[in-house]
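Here the structure comes first, spelled out in structure tokens, and everything after it is commentary.
The values are calculated or read from the model by the stated rules, or taken from the named source; none is laboratory data. No experiment lies behind these values; they were computed from the predicted model shown. Glycine also receives a Cβ, built like all others from the backbone with ideal geometry; neighbour counts cover every protein chain displayed. When the accessible area is computed, the model is the full protein with side chains, heavy atoms only, and any ligands, DNA or RNA have been set aside. Shrake-Rupley method; radii C 1.70, N 1.55, O 1.52, S 1.80 Å.
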Amino acid sequence: MNTAGSNENKKNIPLWLLAELTYACPLQCVYCSNPTNFTEFRGELSTEQWKEAFRQGRELGASQLGFSGGEPLVRKDLIELVAYASQLGFYTNLITSAIGLNEEKLAGLKQAGLNNIQISFQAHEKNLNDLVSGKESFDKKVAMAKLVKQFGYPLTLNIVIHRMNIDHIQAIMEMCLELKADYVELANTQYYGFAKVNQALLIPSEAQLKKAEAITHEYQQRYKDIIKFYYVISDYYENRPKACMNGWGTTFLCITPDGYALPCQMARILPNLVFPKVSEHSLEWIWNESDLFQKYRGYDWMEEPCRSCPERFKDFGGCRCQAYLLTQDPNATDPVCDLSPQHEIVINLRKKAGQGDATEHTMIYRSPKNAKNLSKP
């Protein structure tokens, strides 16, 4: 067994299970967090394999199950999987673009016991929304958001915030009010996957971010009794790293379309790790014994300055994937932290953010063609 990580979190259970049912998606969003080489991963889990993973996850103690992708509605067995998860006692959440959703599928999902639906929007109006998503999708999203409410679901909207839409934050929130959303996540882009590739296009200036934050706080207070707005700041503009997934292998477990179990959905980008498959190992063994889930648990793996920093009990050393993407060293202190010896990387990114016209940057869409090009050495 790998002893690099501390075992003091071993007794924790995976409360939140994310099922990435497929990498297939009808949209081509320029900030998609899916792996840039997603076309290389083939062989999706079968219906029965997913059911067995859900059963084992529930036995481990997981209580929430998210259906994600790609676009989970692409899977023809989605309703069957939702029904099985509901029978197991999971609180189920569908994370969707709403493309492929219709009244018949909503009725089926309702009957299957689905608890919550989260719909993503790319902007507050058609032209920008469709530009960012790479497909005409805005009108469909609006129609499905209204239908979700008609079916009695609490409506959760997710809008990824970036340089191209951040100056429209007020109009975005007005759209959410008009759609009678119950919960809205205004999530500033985190730079993984295609968002990392399109970084120069997407990073707003600090002035833009602060203005948007102030407007959001105003709406949070004004409408706190009818809608919950959550504003998530980009890590690059923080001076302390987030407690990524509440610590590696403590709370969150992701299963990829091809059946690999990960401590976060981005972890497969990290080098020199062995990723266990649910078709070859039990989830109990993966969670409690596998080298992958032990690797960055606890604090023993940490290097200085994290190793002796009192903040390590709050942030667990920050995000391993972000550390790798910015420094090429997954063991490094997350450069977002201003105590990191490599914090200058983030400072320089902030300085460059928002410079010039966004239209000067070529959009790299999440498409099979671009995925193949990006995977070339």
Could you check Arg240 against (1) closer than 30 Å to Leu292 by Cβ; (2) at pLDDT 95 or above and say which number it fails? (2)
Across region 356-377, what is the number of residues that are within 25 Å of the chain's Cα centre (by Cα) and either among the β-branched types (Val, Ile, Thr) or assigned to a helix (DSSP H, G or I) (or both)? 10
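In the list Pro330, Pro368, Pro335, which residue meets the criterion of being in contact with a Lys or Arg (Cβ under 6 Å, 6 or more places away or on another chain) and either within 22 Å of Thr36 (Cα to Cα) or not hydroxyl-bearing (Ser, Thr, Tyr) (or both)? Give the derivation first.
Working: Pro368 fails: in contact with a Lys or Arg (Cβ under 6 Å, 6 or more places away or on another chain); Pro335 fails: in contact with a Lys or Arg (Cβ under 6 Å, 6 or more places away or on another chain).
Step by step, each of Pro330, Pro368, Pro335 is checked, and only Pro330 is in contact with a Lys or Arg (Cβ under 6 Å, 6 or more places away or on another chain) and either within 22 Å of Thr36 (Cα to Cα) or not hydroxyl-bearing (Ser, Thr, Tyr) (or both).
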Within region 114-149, considering residues that are closer than 20 Å to Glu20 by Cα and open to solvent by 30 Å² or more (accessible area, probe 1.4 Å), the one farthest from the chain's Cα centre (by Cα): Asn115
Regarding Lys196, is this residue touching a residue at least 24 places away in the same chain (Cβ under 8 Å), open to solvent by 30 Å² or more (accessible area, probe 1.4 Å) and out of contact with any strand residue (DSSP E or B) (no Cβ under 8 Å at 6 or more places or on another chain)? yes
Filter result for Ala267 (out of contact with any Phe, Trp or Tyr (no Cβ under 7 Å at 6 or more places or on another chain) and closer than 30 Å to Gln49 by Cα): yes
Among (1) farther than 23 Å from Leu78 by Cα; (2) among the small types (Gly, Ala, Ser); (3) touching a strand residue (DSSP E or B) at 6+ places or on another chain (Cβ under 7 Å), Gly134 falls short only on (3)
Residue by residue through region 183-212, note down the ones that are within 14 Å of Tyr236 (Cβ to Cβ), outside any loop (DSSP other than H, G, I, E, B) and over 16 Å from the mean Cα position of the chain (by Cα). Gln199, Ala200, Leu202, Glu206, Gln208, Leu209, Lys210
Failed item, numbered, when Gly100 is tested on (1) out of contact with any helix residue (DSSP H, G or I) (no Cβ under 8 Å at 6 or more places or on another chain); (2) of a type outside the set (Val, Ile, Thr); (3) open to solvent by 10 Å² or more (accessible area, probe 1.4 Å): (1)
In region 278-297, which residue that is farther than 19 Å from Met266 by Cα and not charged (D, E, K, R) is most open to solvent (accessible area, probe 1.4 Å)? Trp285
Is it the case, given these coordinates, that Arg222 is in contact (Cβ under 8 Å) with a residue 24 or more places away in the chain, basic (Lys, Arg) and either open to solvent by 20 Å² or more (accessible area, probe 1.4 Å) or closer than 30 Å to Phe313 by Cα (or both)? no
Check region 231-251 and report whether any residue there is among the small types (Gly, Ala, Ser), part of a helix (DSSP H, G or I) and open to solvent by 10 Å² or more (accessible area, probe 1.4 Å). no
From the list Asn272, Asn288, exactly one residue is touching a residue at least 24 places away in the same chain (Cβ under 8 Å) and out of contact with any Phe, Trp or Tyr (no Cβ under 9 Å at 6 or more places or on another chain). Which is it? Asn288
Any helices (runs of 4 or more DSSP H) falling wholly within region 300-355 and containing at least 2 residues that are at pLDDT 95 or above and open to solvent by less than 10 Å² (accessible area, probe 1.4 Å): 320-327
Which residues, counting only those in region 70-89, are open to solvent by 10 Å² or more (accessible area, probe 1.4 Å), in contact (Cβ under 8 Å) with a residue 40 or more places away in the chain and not charged (D, E, K, R)? Gly70, Val74
